[in-house]
Amino acid sequence: MTIFALSTGPGISGIAIIRVSGVETKKVIKLLTNGTIPEPRIATLKKINKINSSELIDEGIILWFPGPESYTGEDMAEIHVHGSKAVIDALHASISKIENCRMAEPGEFTRLAFQNGKINLLKAESIADLISAETEIQRQQAIKIMSGKSADKFNELRGKLLKILSNVEAKIDFPDEDLPDDILKEIKKNSNYVLQNIEKILDDQKVGERIREGFKITILGPTNAGKSSLLNCLSNREAAIVSEIAGTTRDVIETHLNIDGYPVIVSDTAGIRESKSEIEKKGIKLSLNRADEADLKLIVVDAKNLVISDVLKGLLDQNAILVINKLDLLEEDIDPEIKKLNHVLISIKENLNIDQLILKIKKNLKNKFIKNDNILITRERHRQHLKQCLNHLKSFNEKNEVDDFDKAAEDLRLATRNLGMIVGKVDVEEILDSIFNDFCIGK
Ligand SMILES: Nc1nc2c(ncn2[C@@H]2O[C@H](COP(=O)(O)OP(=O)(O)OP(=O)(O)O)[C@@H](O)[C@H]2O)c(=O)[nH]1
Ligand SMILES: [K+]
Ligand SMILES: [Mg+2]
């Protein structure tokens with residue numbers, strides 16, 4: 001089967017690129033250009049016409065990449081035309097008339113690249129991350145994983161496990177012979193090395209995932225403190241309704257922001273107070289759930305009414321900033337006890353000290369992100385495989401201690417398999433769909 005798809009973004013653009021991959025690629029070029037195949041990898045201007053007709057669609061550049069020296073490993077072509085809907089539609093219609101040619105599924109080009117051994121799974125995932133990167137930090141992370149640093153580490157650890165496995169299997173094959181002491185020592189050393197490495201990789205405060213998905217900031221506080229006003233102020237738009245009526249916000253309202261390169265998801269929540277309304281109570285429950293999940297809590301209170309309820313006190317930990325709003329209304333100094341807390345005094349109405357608050361938020365993000373320069377896990381999938389690997393490895397150690405080699409070997413195989421699945425070194429058909437379906441068509 002030969003696949004094709006628009007690989008540039010949809011909508012009007014100066015240039016649109018349609019990619020073709022598969023055995024019929026040469027035929028596609030010939031039929032579209034009524035002519036010869038261009039030199040490999042040399043941009044060649046061609047008249048592109050409808051299939052089986054001399055009617056011109058557009059003039060454009062054809063790039064011919066004979067397999068296996070191509071992105072997918074198969075014969076491939078790129079057709080660069082003017083980026084209008086009509087040109088693209090005409091080209092698509094023409095190619096789909098050629099036998100054995102069809103539109104590509106989302107992520108299918110990259111999936112082929114993986115299946116044909118051009119890239120490993122981590123690289124495939126990082127390509128998806130790079131395509132969807134919205135902030136500088138996300139781009140940096142994607143390109144780092146793409147460069148192969150994580151894959152190298154996981155392959156190194158997997159190599160050690162395979163080494164142990166060969167020793168243990170030798171023991172199973174020759175049950176009457178004892179393993180020499182130095183080999184037993186080496187097995188122990190290697191399995192501890194892998195164990196400790198995985199524990200260290202897992203102990204990462206989930207920074208990699210946070211960079212991909214966004215760092216979670218939750219705005220909490222009593223009703224009418226100005227929480228929704230703060231959300232709007234940070235996101236520079238009317239994301240949430242602001243009113244002088246206490247209890248305005250009921251549902252959680254999220255906005256995605258880019259704070260100095262760091263991706264964040266800011267959530268505004270329902271004001272916390274004693275309420276008889278069932279709906280409001282539900283809203284307050286949602287607020288408290290969000291507080292649990294948050295990486296950073298902004299506890300907003302009213303400077304004129306500075307009572308901090310016990311519930312809020314419970315939320316004021318090292319991942320919280322006390323935001324005292326409505327500074328413009330304040331006449332006297334604030335309570336020295338409250339001043340001891342990690343706080344900032346602002347007025348959203350008068351735009352006072354907002355920059356200070358943003359600085360504090362940034363500092364908090366930086367501390368969290370920069371502490372960990374060794375990010376290897378960017379997805380829950382990786383974390384699950386590592387946890388499984390760790391469990392099997394621990395179980396292997398226990399069984400190995402009591403000379404239960406058969407069962408120990410089985411644990412070792414499973415541990416190795418889980419490490420392999422991260423990079424895509426084993427039969428991974430079952431996880432491929434979920435990975436490549438996240439891509440858009442043409443990638
Ligand atoms: N004077 C003054 N008023 C403010 C300031 N910030 C917000 N307000 C006003 O405070 C009122 C409540 O603001 P909201 O943003 O709706 O407060 P909230 O915390 O989201 O309230 P709920 O959703 O009901 O819990 C509105 O009338 C705002 O205009 C400020 O800095 N100074
Ligand atoms: K309100
Ligand atoms: Mg509100």
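Which pairs do you get when a residue that is over 17 Å from ILE377 (Cβ atoms), found in the stretch 118-142, comes within reach of a residue that is of a type in the set (Lys, Arg) and surrounded by 19 or more Cβ atoms within 10 Å (Cβ to Cβ), reach meaning Cβ atoms under 8 angstrom, with the pair 6+ apart or on two chains?
Within 8 Å, the pairs are ILE127/LYS443; ILE131/LYS443.
Any chance the stretch 347-361 includes a residue that's under 20 Å from VAL264 (Cβ atoms), surrounded by 15 or more Cβ atoms within 10 Å (Cβ to Cβ) and in contact with a helix residue (DSSP H, G or I) (Cβ under 6 Å, 6 or more places away or on another chain)?
Yes; the residues of the stretch 347-361 include at least one that is under 20 Å from VAL264 (Cβ atoms), surrounded by 15 or more Cβ atoms within 10 Å (Cβ to Cβ) and in contact with a helix residue (DSSP H, G or I) (Cβ under 6 Å, 6 or more places away or on another chain).
Just to check your reading of the model, which residue among GLY9, GLY22 is at pLDDT below 95, within 30 Å of the chain's Cα centre (by Cα) and under 24 Å from PHE114 (Cβ atoms)?
GLY9
Suppose the filter is over 25 Å from SER132 (Cα atoms), basic (Lys, Arg) and surrounded by fewer than 21 Cβ atoms within 10 Å (Cβ to Cβ); does LYS304 pass it?
In short, yes.
Could you look through the stretch 131-189, keep only residues that are touching a strand residue (DSSP E or B) at 6+ places or on another chain (Cβ under 7 Å) and assigned to a helix (DSSP H, G or I), and pick out the one that is surrounded by the fewest Cβ atoms within 10 Å (Cβ to Cβ)?
Only one residue fits best here, namely ILE137.
Give me the residue from the stretch 28-48 that is out of contact with any strand residue (DSSP E or B) (no Cβ under 8 Å at 6 or more places or on another chain) and assigned to a helix (DSSP H, G or I) and, out of that set, surrounded by the most Cβ atoms within 10 Å (Cβ to Cβ).
LEU31
Which residue, of ARG210, ARG237, is under 21 Å from ASP317 (Cα atoms) and more than 9 Å from ligand 1 (Cβ to nearest atom)?
ARG210
Specify which of the listed residues (ILE284, ILE272, ILE245, ILE253) is β-branched (Val, Ile, Thr), over 29 Å from GLN205 (Cβ atoms) and within 16 Å of ligand 2 (Cβ to nearest atom).
One residue alone meets the criteria, ILE245.
Away from ligand 2 (no atom under 16 Å from the Cβ) and among the hydrophobic types (A, V, I, L, M, F, W, C): is that true of LEU220 in this structure?
In short, no.
Looking at (1) within 26 Å of the chain's Cα centre (by Cα); (2) within 16 Å of ligand 2 (Cβ to nearest atom); (3) surrounded by 22 or more Cβ atoms within 10 Å (Cβ to Cβ), which is the one condition that is false for GLY208?
Evaluating GLY208 over (1) within 26 Å of the chain's Cα centre (by Cα); (2) within 16 Å of ligand 2 (Cβ to nearest atom); (3) surrounded by 22 or more Cβ atoms within 10 Å (Cβ to Cβ) leaves (2) as the failure.
Which residue out of LEU230, LEU220 is surrounded by 20 or more Cβ atoms within 10 Å (Cβ to Cβ), near ligand 1 (Cβ under 8 Å from one of its atoms) and not β-branched (Val, Ile, Thr)?
LEU230
Please specify each residue of the stretch 290-307 satisfying the condition of being farther than 14 Å from ASN342 by Cα and out of contact with any Ser or Thr (no Cβ under 7 Å at 6 or more places or on another chain).
Passing the criteria: ASP292, GLU293, ASP295, ASP302, ALA303, LYS304, ASN305, LEU306, VAL307.
Criterion first (modelled with pLDDT of 80 or more, assigned to a loop (DSSP other than H, G, I, E, B) and surrounded by fewer than 14 Cβ atoms within 10 Å (Cβ to Cβ)) does GLU398 satisfy it?
It is false that GLU398 is modelled with pLDDT of 80 or more, assigned to a loop (DSSP other than H, G, I, E, B) and surrounded by fewer than 14 Cβ atoms within 10 Å (Cβ to Cβ).
Mind counting the residues in the stretch 344-396 that are acidic (Asp, Glu) and within 25 Å of the chain's Cα centre (by Cα)?
Number of matching residues: 2.
The values are calculated or read from the model by the stated rules, or taken from the named source; none is laboratory data. For clarity, every value in this text was computed on a predicted model and none was experimentally measured. A quick note on method: Cβ atoms are made from the backbone with ideal geometry, for glycine too, and the neighbour counts reach across all protein chains shown.
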